[in-house]
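Engineer: Take a look at this one; I'll ask things after.
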Amino acid sequence: MKQELIEELFQKFEQACYLYNEIECWSARDLQTVLGYSEWRNFLNVIDKAKAACENSGIPLLDHFVDVNKMVSLGSGAAREIDDIALTRYACYLIAQNGDSTKNEIAFAQTYFAVQTRKQEIIERRLLDVDRVSARERLSRTEKKLSGIIYERGVDDKGFAIIRSKGDQALFGGYSTHEMKKKLAIPEGRPLADFLPTLTIKAKDFATELTSHNVLEKNLLGENQISEEHTENNRAVRKILLERGVKPEALPPAEDVKKIQRQLDGDERKLLKDVKKKKN
């Protein structure tokens with residue numbers, strides 16, 4: 001398919017979009033023309049197949065296919081009302097999938113939606129990666145905060161490491177930090193949290209934040225009191241997770257958070273580079 005035709009079809013499809021009840025929609029009558037169908041009845045057959053696919057997916061038809069009326073001009077200057085269907089982008093996708101793929105317009109639409117779906121997947125993946133990196137950075141700050149609080153209460157770095165390890169043991173159902181690292185095949189010298197899924201990172205962060213709060217509120221002193229508090233907080237967080245069907249120690253390891261951070265940084269540099277090119 002020639003690039004000129006692709007650009008023309010893209011413009012036609014995007015320009016046909018309108019808002020119906022504040023939802024992005026397309027008129028089936030307009031889409032009929034965009035997708036190269038000269039007969040409405042033939043296009044209705046494609047729409048019926050798309051509706052069947054929607055129902056088979058367990059998705060309510062009325063969320064994506066809404067019967068409406070449309071005014072069209074007649075040759076005499078008068079106008080009359082005809083049946084139409086307001087279609088969401090998902091409905092348009094289903095129609096493209098069930099259309100005649102020998103038509104250039106349908107072939108374009110199928111490719112267009114495949115690309116759009118891939119873009120959405122990439123965006124969603126990036127958002128998840130950003131959330132995990134942010135959670136890991138927050139845990140580091142929370143642990144640093146706790147370390148500073150307990151240092152003033154007679155606990156040195158070695159004591160903090162012991163307190164943190166006992167907290168892990170309570171959160172992971174008896175597995176120590178070292179045992180969890182071995183269980184998840186984490187490289188020697190790397191922190192356990194760098195390979196934990198986002199949920200577990202946030203669980204550790206919450207328990208640590210609770211400990212910081214209660215150490216001050218209860219005026220706890222020394223390794224024993226603070227260690228007991230941190231253990232109880234992790235045990236309480238574990239109880240919540242178990243009640244929701246989550247066993248922290250049973251979750252698989254996640255990708256190295258440092259690697260994800262490098263990928264995000266690389267994407268950011270590439271984006272800035274592309275922006276500069278466009279400006280020049």
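Engineer: Take the stretch 26-49 and flag every residue that is more than 21 Å from Phe10 (Cα to Cα) and of a type in the set (A, V, I, L, M).
Structural biologist: Selection gives Leu44 alone.
Engineer: Here's a follow-up. Looking at the stretch 64-78 only, could you name the residues that are at pLDDT 90 or above and surrounded by fewer than 16 Cβ atoms within 10 Å (Cβ to Cβ)?
Structural biologist: Correct list: Asp67 only.
Engineer: Separate question: Suppose we filter Val155, Val133 for residues that are over 17 Å from Phe195 (Cα atoms), aliphatic (A, V, I, L, M) and touching a residue at least 40 places away in the same chain (Cβ under 8 Å); which single one remains?
Structural biologist: When all the criteria are applied, what remains is Val155.
Engineer: Let me ask something else. Return the residues of the stretch 148-158 that are part of a helix (DSSP H, G or I) and surrounded by 19 or more Cβ atoms within 10 Å (Cβ to Cβ); say none if nothing qualifies.
Structural biologist: Ile150, the sole residue that qualifies.
The rows are residues; the columns are (1) among the charged types (D, E, K, R); (2) more than 15 Å from Ala28 (Cα to Cα); (3) surrounded by 13 or more Cβ atoms within 10 Å (Cβ to Cβ).
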{"residue": "Val46", "(1), (2), (3)": "no, no, yes"}
{"residue": "Arg80", "(1), (2), (3)": "yes, yes, no"}
{"residue": "Thr88", "(1), (2), (3)": "no, no, yes"}
{"residue": "Ala91", "(1), (2), (3)": "no, no, yes"}
{"residue": "Lys103", "(1), (2), (3)": "yes, yes, yes"}
{"residue": "Ala107", "(1), (2), (3)": "no, yes, yes"}
{"residue": "Lys119", "(1), (2), (3)": "yes, yes, no"}
{"residue": "Leu127", "(1), (2), (3)": "no, yes, no"}
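Engineer: Take the conditions more than 29 Å from the chain's Cα centre (by Cα) and modelled with pLDDT under 90 and apply them to Val46. Does it pass?
Structural biologist: No, not satisfied.
Engineer: Next question, about the same structure. Would you point out the residue of the stretch 226-254, among those that are under 14 Å from Phe172 (Cβ atoms) and in a loop (DSSP other than H, G, I, E, B), that is farthest from the chain's Cα centre (by Cα)?
Structural biologist: Lys247
Engineer: State the number of residues belonging to the stretch 88-111 that are farther than 17 Å from Asn42 by Cα and in contact with a Leu (Cβ under 7 Å, 6 or more places away or on another chain).
Structural biologist: 2
Engineer: May I ask you to verify whether Thr211 is touching a Pro at 6+ places or on another chain (Cβ under 9 Å), surrounded by 20 or more Cβ atoms within 10 Å (Cβ to Cβ) and modelled with pLDDT of 95 or more?
Structural biologist: Here the answer is no, as Thr211 does not meet what is asked.
Engineer: Give me the residue from the stretch 50-59 that is of a type outside the set (A, V, I, L, M, F, W, C) and touching a helix residue (DSSP H, G or I) at 6+ places or on another chain (Cβ under 8 Å) and, out of that set, nearest to Leu31 (Cα to Cα).
Structural biologist: My answer is Lys51.
The values are calculated or read from the model by the stated rules, or taken from the named source; none is laboratory data. Quick caveat, the model's predicted, so the values are computed rather than measured. Neighbour counts run over all protein chains shown; Cβ positions are idealised from the backbone, glycine included.
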